[in-house]
Amino acid sequence: MDRIINDNKKNSTVMVTASGTYISSAHCDTAASRLSVLLAAKDICEVMSSLGWCGRGDKPREFPRNPPVICYDSPPAARVNHIHYDNLRLKALMGKRVVELTVPKKSAATWEMKEGDLCRITVIEGSQVADVNFWNLQNKQERFYSGKTRQLHATHLTVYDRLWSNLPYLRPMATVVADSLKNYGIDEDGASVHDVIGTRCDDYTYKLITGKERYGSCHTYLTEAVKKVGLTEQDVHDVWNIFMCTGFTKETHQYFTKSSPARKGDYIEFIADMDLLVAMSTCPQGDVSIPVGKPVPDENCHPLGVEVFQAIDETEAGEVSKETASSKPQTKEFNEQGHSQLSVASFPEN
Ligand SMILES: [Zn+2]
């Protein structure tokens, strides 16, 4: 509690704040009676601003407002040749489908990709967000670095943005080549989709917010999924939040979410720039229309579809062209070419 003391000997009024700050009207060039009135009202902010006094006798500081500077202004490696990646996409889609996987709601799965493979993740039922992790398939210490990706590109990724690996590697792991939500842009609240600003939801933060134990979050699902391919909880890292709509409030820069604008049929595609292990969880927040800590109806959660397409090798292409009259992507081939390490972690209801 603040204490107001009238010092008759010194003819001044002082206040000792709860934090121990000692404020005396004797230090001010304004009438003590005015200070007394203000202090009696206990509006210390008003006292400060009206007297131009901030406790140490300093005047309020004025800061220069410099213009923003783009700090990592599109290094060449972050700018891809659009035609090259459009061609890679076309070749992959006209090749063969080597992975086809449904990740059930409230679960996670892993799959592998070879350099040049294209992965398409599709909203196959209802609106649903997902958290995605990436590792170099040959060296799992090299993994996705969401913070540097954010600096090199933006808070939200779209077509021709790249996903970068951690230090000391700092290499492009994948490049986005298609995004059915790309025209969402940046809305009136500053929100956009497919962010690299949030982390994965986890049971530790859930307990921090609610005080309750829980087993069932993107972190948990991803952990269980990667354990099946020899990794641990410590290997799960900050994610790429696909289909998720997020931003920072204009006034306080607090992280916020919005219901995902993704609908059945929406998809995002990326091409692997190195051999990859990918893990993805279908978030138990579903479309994220309800904040963390409040109950999420089961009908808000949905599965997502995963497909990986692989371009046909040039030497192999001649053989295939004799066998197929059409060059449309093949739909029945699944899990060939060594893409056998698929695992799905499912969990019961919370
Ligand atoms: Zn989640």
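The values are calculated or read from the model by the stated rules, or taken from the named source; none is laboratory data. Owing to the predicted nature of the structure, the values given are computational and were not obtained by experimental measurement. Don't worry about glycine lacking a Cβ; one is built from the backbone with ideal geometry, like all the others, and counts go over all protein chains shown. Surface areas here come from the heavy atoms of the whole protein model, side chains and all, with no ligands, DNA or RNA. Shrake-Rupley method; radii C 1.70, N 1.55, O 1.52, S 1.80 Å.
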(message) Looking at the structure I just gave you, is TYR221 assigned by TED's automatic domain parsing to the domain that holds HIS237 and outside any loop (DSSP other than H, G, I, E, B)?
(response) yes
(message) Just to check your reading of the model, which residue among GLU125, GLU112 is assigned to a strand (DSSP E or B) and touching a residue at least 60 places away in the same chain (Cβ under 8 Å)?
(response) GLU112
(message) Given the criteria within 14 Å of the ligand (Cβ to nearest atom) and in a strand (DSSP E or B), does PHE256 qualify?
(response) no
(request) Could you run through segment 164-218 and say how many residues are in contact with a strand residue (DSSP E or B) (Cβ under 7 Å, 6 or more places away or on another chain), among the hydroxyl-bearing types (Ser, Thr, Tyr) and either part of a strand (DSSP E or B) or within 16 Å of the ligand (Cβ to nearest atom) (or both)? (result) 3
(request) For segment 252-294, enumerate the residues that are surrounded by 19 or more Cβ atoms within 10 Å (Cβ to Cβ), under 15 Å from GLY126 (Cα atoms) and among the charged types (D, E, K, R). (result) ASP266, ASP287
(request) Identify all residues within segment 219-234 that are within 16 Å of the ligand (Cβ to nearest atom) and either out of contact with any strand residue (DSSP E or B) (no Cβ under 9 Å at 6 or more places or on another chain) or basic (Lys, Arg) (or both); write none if there are none. (result) GLU233
(message) If I filter segment 295-318 down to residues being within 13 Å of the ligand (Cβ to nearest atom) and either among the small types (Gly, Ala, Ser) or open to solvent by less than 10 Å² (accessible area, probe 1.4 Å) (or both), which single residue comes out as farthest from ASP202 (Cα to Cα)?
(response) LEU304
(message) Can you pull out every residue in segment 145-177 that is surrounded by fewer than 19 Cβ atoms within 10 Å (Cβ to Cβ) and among the aliphatic types (A, V, I, L, M)?
(response) ALA154, VAL159, LEU167, LEU170
(message) Return the residues of segment 97-109 that are assigned to a loop (DSSP other than H, G, I, E, B) and of a type outside the set (D, E, K, R); say none if nothing qualifies.
(response) PRO104
(request) Scan segment 264-284 residue by residue and report those that are closer than 28 Å to TYR206 by Cβ and in a strand (DSSP E or B). (result) ILE268, LEU277, VAL278, ALA279, MET280, SER281, THR282
(message) Looking at the structure I just gave you, is MET244 in contact with an Asp or Glu (Cβ under 7 Å, 6 or more places away or on another chain), open to solvent by 10 Å² or more (accessible area, probe 1.4 Å), assigned to a loop (DSSP other than H, G, I, E, B) and within 28 Å of LEU90 (Cα to Cα)?
(response) no
(request) Report, ordered by the first and then the second residue, all pairs with beta carbons closer than 9 Å, sequence separation of six or more or different chains, a first member in segment 285-308 that is in the same structural domain as ALA191 (by TED's automatic domain parsing) and part of a loop (DSSP other than H, G, I, E, B), and a second member that is more than 14 Å from the ligand (Cβ to nearest atom) and among the charged types (D, E, K, R). (result) GLY286/ASP298; GLY286/GLU299; VAL288/LYS258; SER289/LYS258; GLY293/LYS212; HIS302/GLU125; HIS302/LYS264; PRO303/GLU125
(message) I want to confirm something. Restricting to segment 230-241 and keeping residues that are open to solvent by 30 Å² or more (accessible area, probe 1.4 Å) and over 17 Å from SER146 (Cβ atoms), which single residue is farthest from the chain's Cα centre (by Cα)?
(response) GLY230
